[in-house]
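Here is the structure we will look at.
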There are 2 protein chains.
Amino acid sequence: MLNRSHALDLTFQALADPARRSMLAQLTHGPTSVSELARPLSMSLPAVMQHLAVLEESGLVRSEKVGRIRTCRVEPHALSMAEQWINDRRLEWGRHLDRLGEYLKTLKSGGEQHGNE
Amino acid sequence: MLNRSHALDLTFQALADPARRSMLAQLTHGPTSVSELARPLSMSLPAVMQHLAVLEESGLVRSEKVGRIRTCRVEPHALSMAEQWINDRRLEWGRHLDRLGEYLKTLKSGGEQHGNE
């Protein structure tokens, strides 16, 4: 459980930056070299490499160097884990609203019975 | 777009901490006072208030003080926005895999045609 929690810390931290989200969005279209990844971003290559390191540490991205080209690809597992965590919270909130709805119905039908007495 | 991007920064940043995720998970069961929210966490009340401030700044949580009691409730919109962003990336990745599958099929049928010549 601790490992999963730490993994979620790193994943959400990696997603909390517009440049890293933009890099990730680009990578979901397919694997890309670092220089292609840097092209749409108005920042230096070292800055891009630093963001890439955060993405790799979180497990959202893997990269591999063949010759002089480093190719990056998305790792969908970390993304799914983050999505699942949010989805579970949304479902729990939905259950809370259902319970509240049921409770209000009980109050209403109780009031009607009381009214019919 | 800039506003949405900044909102995503704050939301993912807020989610990147186990104590804040735990507070949010508790709040999806229904509105709660700050002291109830602090009970399962092994930290001081000022530390809890600080985490609550981050959750409120991100728009994930709202709180209201009535008399001496501050009650917190989840705001599902920010959670949905973060979920939607991740979901869009996953869908795009799925489309990439589909395109790759189609391309491989083309290569295979091309090879078969070549073999029949």
| field | Those aspartates and glutamates that a straight Cα-Cα span of less than 18 Å connects to residue B:108, excepting residues fewer than 8 apart in one chain | value | B:98, B:117
| Distances from residue B:3 to the same residue in each other copy, label points 7 Å out along Cα→Cβ, in nm, shortest first? | 4.3
| query | If we hang a label 7 Å off Cα along the beta carbon direction at residue B:33, how far is it from the matching labels on the other copies, in nm, shortest first? | reply | 6.3
| field | Reciprocal of mean inverse Cα separation for the range B:16-72 (Kirkwood radius, Å) | value | 11.3
| request: Can you tell me the 0 to 90 degree angle between the C-alpha axis of helix A:18-27 and the longest principal axis of chain A, rounded to 10? | output: 80
| task | For residue A:46, go 7 angstrom from Cα along the Cα-to-Cβ vector, then report the distances to that same point in the other copies in nm, smallest first. | result | 3.8
| note | Dimensionless Rg/Rh of the protein assembly as shown, both radii on Cα and Rh by Kirkwood, sits at 1.13
| query | What percentage of all Cα-Cα pairs in the range A:39-99 are separated by more than 17 Å? | reply | 58
| Candidates per trypsin sites (Lys or Arg not before Pro) in the range A:55-117, loop by DSSP, up to 12 other Cβ within 10 Å | A:68
| field | Identity and axial distance of the chain B residue whose Cβ lies nearest the axis relating B to A, Å | value | B:12, 2
| message | Need one word for chain B: rounded, prolate or oblate. Basis is the Cα gyration tensor (sqrt eigenvalues a ≥ b ≥ c); a/c below 1.5 gives rounded, then a/b vs b/c decides. | response | prolate
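Here, each number is a calculation from the coordinates, and none is a lab measurement. The model shown is predicted, which means the values in this text are computed figures rather than measured ones. Note that each Cβ is placed from the backbone with ideal geometry, even for glycine, and that neighbours are counted across all protein chains shown.
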